[in-house]
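Notes follow the structure.
The values are calculated or read from the model by the stated rules, or taken from the named source; none is laboratory data. Values in this document were obtained by computation on a predicted structure and should not be read as measured data. Backbone-built Cβ (ideal geometry, glycine too); neighbour counts: all protein chains shown.
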Amino acid sequence: MRKRLISLSVNGRGYDVWVTPSELLLDVLHDELGLPEVRYGCGEGVCGTCTVQFDGHTVSACLMFAIQAEGHQISTVAALLGEGEALHPLQECMLRHGGAQCGFCTPGMLLTADCLAKRTRRPSRDEIRHELVGNLCRCTGYTKILDAIEEYVSLSSPDRPSVEGAELP
Amino acid sequence: MTDEATLPSPATARPSVEPDSAAPFRVVGLPLAHHDFVDKVRGTQLYAADWKLPGMLYGRVIRSVLPSARIRSIETAEARALPGVIAVLTARDVPRNRVVERASGGLGELAVEMPVLAHDRVRYVGEPVALVAAVSQQIADEAAELIEVDYRELAGVFDPEAALDPGATQVHDEGNVLVEWNIRRGDAERALAEADLVVTGEYRSQHVEHAYLEPEAGVGWMENGVLTIRVATQVIEHAATVAGILELPENKVRVISAYMGGGFGGKEDMTVEPYLALLVWRTGRPVRMIWERQESMLASTKRHPFVMRYRTGVRADGTILAQDVDIIGDAGAYPYLSARVLFAGAALSCGPYRTRNASLRSRAVFTNNVPTSAFRGFGAMQVVLGYESQMDRVAEALGMSPTEVRRRNFLAKGDIIPTGESLDTVVACEETLRRALDRLGEPPAPSGPSKLVGRGFACNMQPYGRTIWFRDRASAWLSLQADGTLLIRAGITDLGAGQAASLCEIASEILGVPLGEISVYIGDTALNPPAGGTFATRQLYMSGNAVLHAARQLRAKVAPVAAEMLACTPDQLTFEDGLVRVACGGQSGTGLRLAELVAGCEQRQVDTSLLSIWRAEQGAFDPRTGQGDSFPDYTYGTHATDVEVDTETGEVKVLRYVASHDVGRAINPMRVEGQIQGGAMQGLGYALMEDVVLEEGNSASTLFAHYFIPTSMDMPDVEVEIVESGEGKGPFNARGIGEPSIAPTAAAVANAIANAIGQRPTQLPMTPERVLALCLRR
């Protein structure tokens with residue numbers, strides 16, 4: 001298949017990449033751009049380990065062709081880091097609560113939680129559960145992940161940089 | 001693997017059962033996040049698939065599409081001709097195309113060969129037949145489609161009970177029964193005849209998928225004439241098996257284990273290793289192989305389905321007089337670790353109860369189903385449904401409470417178990433039972449007219465550590481660096497449960513090196529002293545003890561130097577916060593930084609590096625009498641739950657779930673809780689949802705869309721009650737918790753459902769269809 005050159009914007013940085021039309025966004029992010037945080041887990045859009053934010057919404061990178069991402073903003077968990085690579089408060093909550101065991105699902109979980117926190121001012125534990133349904137975890141039993149996210153969304157706005165100006169009623 | 005350590009000052013430690021000096025601890029007992037957690041929340045942790053080398057090829061396995069067939073021919077010309085294909089390999093390209101697994105250590109199972117690539121015969125759907133390496137994954141996948149295998153289909157056998165029939169199709173010429181274990185104590189038949197009550201029950205469990213989120217993966221390359229594979233594995237010691245397959249000296253194969261994205265026993269046997277090794281060896285180029293999820297679910301090993309038949313004889317007062325247990329486990333097409341899984345099944349089939357008369361038989365039986373092998377719980381899990389359902393049935397028949405009948409029979413320290421061994425640590429079942437039920441409190445009310453609420457619980461005992469007759473050992477090599485930082489080198493692999501982090505905490509406790517100044521290098525056959533694989537809940541016990549003893553020996557070695565430098569005696573020293581200080585009369589005054597101490601050691605030619613080999617208990621087992629040494633020790637616990645059954649739909653909703661275990665001592669309570677919560681959740685999937693559906697050996701469950709594991713919405717939070725009895729054989733008297741936490745779940749849920757609807761589920765998973773059928777029987 002003929003390759004074509006596309007421009008991707010990932011974590012605020014521009015990349016020109018040669019891809020075939022059938023190449024998946026996941027493979028380009030992981031293998032071509034060298035972003036190990038975007039992971040193959042199932043290839044069927046169920047497990048959530050390849051979750052990225054696509055113009056601010058979570059998508060499974062295994063279900064998209066790379067060419068579909070041209071002209072859109074893609075963020076991985078690396079985009080959460082602050083100045084000097086400082087951990088985002090959400091990541092700190094996850095760390096404090098032991099929300100990661102093997103860590104394979106963690107970037108996807110964080111991106112999903114971040115989207116929810118930006119969309120909803122103070123989601124309940126049940127709303128968080130509902131939001132995480134597309135991110136499977138086989139190690140933690142979810143409790144500590146929920147604890148971490150629950151603490152994060154309870155933080156006041158200065159500690160929750162993403163919430164400003166994005167609140168819904 | 002060798003004992004002969006030529007590294008600095010090898011020192012061998014022996015196990016001790018005496019309690020360690022008690023608290024106060026400085027590091028042990030704190031809920032610490034550790035180095036691997038930081039990488040994991042950043043997303044920078046590198047797994048087996050996150051490795052790319054110049055000129056790397058992409059590998060692919062071509063697998064059997066039939067459960068039982070003769071291979072007439074394999075046509076590879078078209079695949080070879082595809083541009084970009086570098087190698088196509090079949091059985092004839094494998095130097096030594098057979099692996100003989102002797103999982104029991106040669107105690108009586110059949111010696112059945114498993115080919116690396118099927119030569120003339122396939123025995124299950126998914127069996128590897130050929131390999132491809134190409135310059136891209138896409139081309140490798142295309143080439144795989146072009147390989148034509150001409151099969152002549154043969155009869156197969158898919159039900160282990162049918163496979164026991166003398167006239168059954170033979171999966172292997174050697175016979176269908178891989179192993180039969182018989183553990184006997186007292187006279188079970190006679191005791192059953194004399195019992196006031198005999199309760200009979202039959203229980204069935206299913207094939208279960210590990211469903212680690214990281215599929216099997218690895219990258220291999222040649223380096224300095226050494227075949228190196230960096231792979232997601234629990235057991236780097238497979239390097240020796242890979243060397244055997246390639247007919248290479250063992251020191252020419254190096255296996256590195258990446259941090260794993262979960263394993264649960266599914267990465268205990270080899271997965272991609274031999275295939276990667278063959279492709280690297282034949283092409284001379286780096287190769288990556290990642291199994292697709294569908295491929296992983298189709299062909300990776302599964303949990304053994306058990307058929308368990310129990311006859312339990314009791315006295316009118318509830319005292320157990322005898323257990324007669326018969327277990328049949330479906331081994332699938334090849335041995336893998338079935339012999340040992342079925343041993344654990346038989347050995348643990350009476351649970352944490354005094355059983356004076358026992359006749360316990362288990363058999364692993366070949367079928368043309370996907371092979372089964374290690375899975376968290378390892379045979380000791382399936383039987384909990386058996387013995388805990390029996391206990392509730394006994395209670396019901398005698399009109400006793402389920403708690404009372406258990407209390408009358410709980411094992412205690414010093415009691416003899418059916419293998420004839422005496423228990424040498426405390427059995428805290430009663431405490432975990434009390435804690436779990438107290439935590440549940442008052443039962444909730446049903447949420448609607450068609451709903452019934454029930455409470456159930458299950459107690460369990462699960463071994464930690466390998467079967468004793470393997471004479472287990474683990475080693476660790478500690479080095480204090482010139483700047484006072486510490487290096488730990490250990491052959492341990494990390495599944496994601498914090499195996500490496502625990503070693504740091506143990507060393508920090510003894511040597512006083514701050515956690516941030518400890519680096520741990522793990523999982524490399526070339527650079528780490530062997531630790532024997534991460535399975536059987538053995539690494540805290542084994543490598544934890546190795547590090548503990550190495551740290552103590554290292555401290556004992558450098559303490560006289562510090563004492564000399566500080567003009568005191570070694571017993572006056574404290575090692576804390578990177579400092580060695582004199583602490584006499586309650587005040588700590590002058591001190592040394594560890595860097596100064598290392599410099600002092602250097603001047604006095606005292607080595608600050610130390611290798612320690614720790615040996616577990618030694619013993620033997622006699623398969624003829626079924627008596628001998630089985631496991632080093634056990635972790636006990638109770639899980640209790642409230643469920644609501646919708647009698648119109650059969651749906652079971654878990655309302656509350658409490659899990660309590662005696663872990664001896666919690667080295668890191670946050671991780672202990674995490675293990676228990678994760679184990680219980682995986683167990684809830686096993687109890688209610690998960691089932692690898694096989695039809696004549698063909699799997700209908702090869703997608704996450706068809707095989708459901710619990711999501712965040714399916715189950716409630718798992719509430720944890722940690723009991724610390726202060727007795728256990730791990731470091732600081734800890735017990736292992738990896739496997740124990742998954743085991744009682746299905747039985748607790750089954751007992752709760754029976755309590756709600758008055759009908760007892762005996763087949764897993766307890767799906768709405770099955771529970772509805774029970775409801776209709778009411």
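The set of residues in segment B:511-540 being closer than 20 Å to residue B:598 by Cβ and either in contact with a Phe, Trp or Tyr (Cβ under 7 Å, 6 or more places away or on another chain) or assigned to a loop (DSSP other than H, G, I, E, B) (or both) consists of B:511, B:512, B:513, B:514. From the list B:484, B:496, B:512, the one residue that fits, being within 19 Å of residue B:736 (Cα to Cα) and not assigned by TED's automatic domain parsing to the domain that holds residue B:733, is B:496. Among the residues of segment A:1-17, those identified as in contact with a Ser or Thr (Cβ under 9 Å, 6 or more places away or on another chain) and either part of a strand (DSSP E or B) or among the aromatic types (Phe, Trp, Tyr) (or both) are A:4, A:10, A:14, A:15, A:16, A:17.
Scanning segment B:87-135 for residues that are charged (D, E, K, R) and surrounded by 20 or more Cβ atoms within 10 Å (Cβ to Cβ) turns up B:101, B:109, B:123, B:127. Would a scan of segment B:352-374 turn up a residue that is closer than 12 Å to residue B:320 by Cβ and basic (Lys, Arg)? So far as segment B:352-374 goes, yes, one or more of its residues are closer than 12 Å to residue B:320 by Cβ and basic (Lys, Arg).
The residues of segment A:33-74 that are in contact with a Phe, Trp or Tyr (Cβ under 8 Å, 6 or more places away or on another chain), within 12 Å of chain B (Cβ to nearest Cβ) and not β-branched (Val, Ile, Thr), listed by number, are A:33, A:36, A:39, A:41, A:42, A:44, A:47, A:50, A:62. Within segment B:43-71, residues that are more than 7 Å from every other protein chain (Cβ to nearest Cβ) reach partners that are assigned to a strand (DSSP E or B) and among the acidic types (Asp, Glu) with beta carbons closer than 6 Å, at six or more positions or on different chains, in the pairs B:66/B:153; B:69/B:153. Any chance segment A:119-135 includes a residue that's surrounded by fewer than 24 Cβ atoms within 10 Å (Cβ to Cβ), under 13 Å from the mean Cα position of the chain (by Cα), part of a helix (DSSP H, G or I) and charged (D, E, K, R)? Looking for residues that are surrounded by fewer than 24 Cβ atoms within 10 Å (Cβ to Cβ), under 13 Å from the mean Cα position of the chain (by Cα), part of a helix (DSSP H, G or I) and charged (D, E, K, R), one finds at least one in segment A:119-135, hence yes. Scanning segment B:712-736 for residues that are in a loop (DSSP other than H, G, I, E, B) and more than 14 Å from chain A (Cβ to nearest Cβ) turns up B:724, B:725, B:726, B:727, B:728, B:729, B:730, B:734, B:735, B:736. Which of (1) closer than 18 Å to residue B:765 by Cβ; (2) touching a residue at least 60 places away in the same chain (Cβ under 8 Å) does residue B:635 not meet, given it meets every other one? Just one mismatch for residue B:635, condition (1). Considering only residues of segment B:425-467 that are assigned to a loop (DSSP other than H, G, I, E, B) and among the β-branched types (Val, Ile, Thr), which is surrounded by the fewest Cβ atoms within 10 Å (Cβ to Cβ)? Of everything passing the filter in segment B:425-467, B:426 is surrounded by the fewest Cβ atoms within 10 Å (Cβ to Cβ).
Residue selection: residue A:81 fails the criterion of being surrounded by 19 or more Cβ atoms within 10 Å (Cβ to Cβ), within 12 Å of chain B (Cβ to nearest Cβ) and of a type in the set (A, V, I, L, M).
Mind listing just one residue for me: the one in segment B:481-510 that is part of a helix (DSSP H, G or I) and within 14 Å of another protein chain (Cβ to nearest Cβ) and, of those, surrounded by the fewest Cβ atoms within 10 Å (Cβ to Cβ)? Checking each candidate, the answer is B:501. Restricted to segment B:234-265, and to residues there that are among the small types (Gly, Ala, Ser) and away from every other protein chain (no Cβ under 14 Å), the residue that is surrounded by the most Cβ atoms within 10 Å (Cβ to Cβ) is B:239. From the set of residues in segment A:88-99 that are assigned to a loop (DSSP other than H, G, I, E, B) and more than 7 Å from chain B (Cβ to nearest Cβ), which is nearest to residue B:30 (Cα to Cα)? Restricting to residues being assigned to a loop (DSSP other than H, G, I, E, B) and more than 7 Å from chain B (Cβ to nearest Cβ), the top hit is A:99. For segment A:120-144, filtering for residues that are of a type in the set (Val, Ile, Thr) and either under 15 Å from residue A:104 (Cβ atoms) or more than 7 Å from chain B (Cβ to nearest Cβ) (or both) leaves 3.
When residue B:470 is tested against (1) surrounded by 24 or more Cβ atoms within 10 Å (Cβ to Cβ); (2) out of contact with any Ser or Thr (no Cβ under 8 Å at 6 or more places or on another chain), just one condition goes unmet, and that condition is (1).
If you go through segment B:273-300 and keep only what is buried (at least 22 other Cβ atoms within 10 Å of the Cβ), of a type in the set (D, E, K, R), in a helix (DSSP H, G or I) and within 14 Å of another protein chain (Cβ to nearest Cβ), you end up with just B:293.
Going by what's in this entry, would residue B:600 be described as of a type in the set (Gly, Ala, Ser) and closer than 26 Å to residue B:476 by Cβ? Taking the combined requirement at face value, the residue satisfies it.
Checking each residue in segment B:745-777 for being closer than 17 Å to residue B:689 by Cβ and in a loop (DSSP other than H, G, I, E, B) picks out B:761, B:764, B:765, B:766, B:767.
Restricting B:637, B:679, B:664 to those that are within 14 Å of chain A (Cβ to nearest Cβ) and either in contact with a strand residue (DSSP E or B) (Cβ under 9 Å, 6 or more places away or on another chain) or closer than 24 Å to residue B:497 by Cβ (or both) reduces the list to B:679. Scanning segment B:726-773 for residues that are crowded, with 19+ Cβ neighbours inside 10 Å and free of Cβ contacts under 8 Å to residues at least 60 places away in the same chain turns up just one, B:761.
Of the numbered criteria (1) crowded, with 24+ Cβ neighbours inside 10 Å; (2) within 20 Å of residue B:323 (Cβ to Cβ), the one residue B:336 fails is (2). Of the listed requirements (1) over 30 Å from residue A:76 (Cβ atoms); (2) surrounded by 19 or more Cβ atoms within 10 Å (Cβ to Cβ); (3) within 14 Å of another protein chain (Cβ to nearest Cβ), residue B:37 misses just one: (1).
When the residues of segment A:32-44 are narrowed to those that are within 16 Å of residue A:136 (Cβ to Cβ) and free of Cβ contacts under 8 Å to residues at least 60 places away in the same chain, which ends up nearest to the chain's Cα centre (by Cα)? The selected residue is A:40.
Against the conditions (1) away from chain A (no Cβ under 14 Å); (2) over 25 Å from residue B:127 (Cα atoms), residue B:694 satisfies every one except (2).
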